[in-house]
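What follows is a set of notes on a single structure, which appears directly below.
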Amino acid sequence: MNAFWVPTSAVFQRDLLRFWRERSRVAGFALTPVVFWVLVGSGYSNFERFLPGALVLTVMFSAIFSAMSLIEDRKEGFLLSMLASPAPRITIAVGKIASGSLIAVAQAMLFLLLATVGGTLYPDASLAVLFAVCLLIAAAFTAAGLVIAWLVASSQGFHAVINLIFMPLWMLSGAIFTLTEAQPWLRYLMLANPVTYAQEAMARGLGLPVSASHPVGAITTWVVLTVTAIATLVASVRVLARRSERNLT
């Protein structure tokens, strides 16, 4: 067990220490929910749509950009030393997913704290459900970010791919328009989009009425989120298991 937990905890602690020592990241972590809440929330009249969409966006991109540390690890030589060690490669994925998920969930909880202080958190909201939803979303998108970070050669390429793939996923989740408001051909894309189910689960966790969210069953929502998290975790482990000289330099 030590062969797994020791390197996993080393990766986990290294990422958290790097996060804490980078004051710009800490400032962004603390101020992003505040700015998002003050600027966007103040001008958004439909809080039933704003809250779940804002929370999903916060968790998604915090998790994804945490995975970009893999590119820095590759440039600094840390990744090469980990891959050359006897430690299983799954420890890299698990350590980074754990640290990225912790940061993303903590940022979402800060956002919820602002909602509570502002008096806009609904009385039927369940913090346990919201925490579980945020954790699944964070794990899934940190793992997805690791896959992209492993495949691209630079942080610029990482940003380009993220904007190309994940921003449209969020836009088609119901955060901007619901299934009933969408064009018929877009509805199929929305139903095939896992972020749609993240949006739905977040809305249910916030205690919003089902009519104000998507007509997707609660069980289906949890199944899709869980399968997505497992699938992205497996994909990240499989990608990290590949031997490629280009990915190590």
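Annotation for region 172-184: at least one member residue is of a type in the set (A, V, I, L, M), within 17 Å of the chain's Cα centre (by Cα) and over 25 Å from residue 94 (Cβ atoms). Scanning region 1-26 for residues being at pLDDT below 80, of a type in the set (A, V, I, L, M) and either under 14 Å from residue 104 (Cα atoms) or under 22 Å from the mean Cα position of the chain (by Cα) (or both) gives a total of 1. Tell me, which residue of region 70-102 that is of a type in the set (S, T, N, Q) and surrounded by fewer than 23 Cβ atoms within 10 Å (Cβ to Cβ) is nearest to residue 4 (Cα to Cα)? Ranking the candidates gives 85 first.
For the subset of region 147-205 comprising residues that are within 23 Å of residue 219 (Cβ to Cβ) and among the charged types (D, E, K, R), which member is surrounded by the most Cβ atoms within 10 Å (Cβ to Cβ)? By that ranking, first place goes to 200. Residues considered: 104, 160, 153. Of these, the only one that is over 25 Å from residue 13 (Cβ atoms), without any contact (Cβ under 8 Å) to a residue 60 or more places away in the chain and either in a helix (DSSP H, G or I) or of a type outside the set (S, T, N, Q) (or both) is 160. Within the bounds of region 112-120, is there any residue that is surrounded by 21 or more Cβ atoms within 10 Å (Cβ to Cβ), at pLDDT 90 or above, in a helix (DSSP H, G or I) and within 20 Å of the chain's Cα centre (by Cα)? Looking through region 112-120, none of the residues is surrounded by 21 or more Cβ atoms within 10 Å (Cβ to Cβ), at pLDDT 90 or above, in a helix (DSSP H, G or I) and within 20 Å of the chain's Cα centre (by Cα).
The values are calculated or read from the model by the stated rules, or taken from the named source; none is laboratory data. What you are looking at is a predicted structure, and each value in this text was computed from that prediction instead of being measured. Methodologically, a virtual Cβ is constructed for each residue, glycine included, from the backbone with ideal geometry; neighbour enumeration extends over all protein chains shown.
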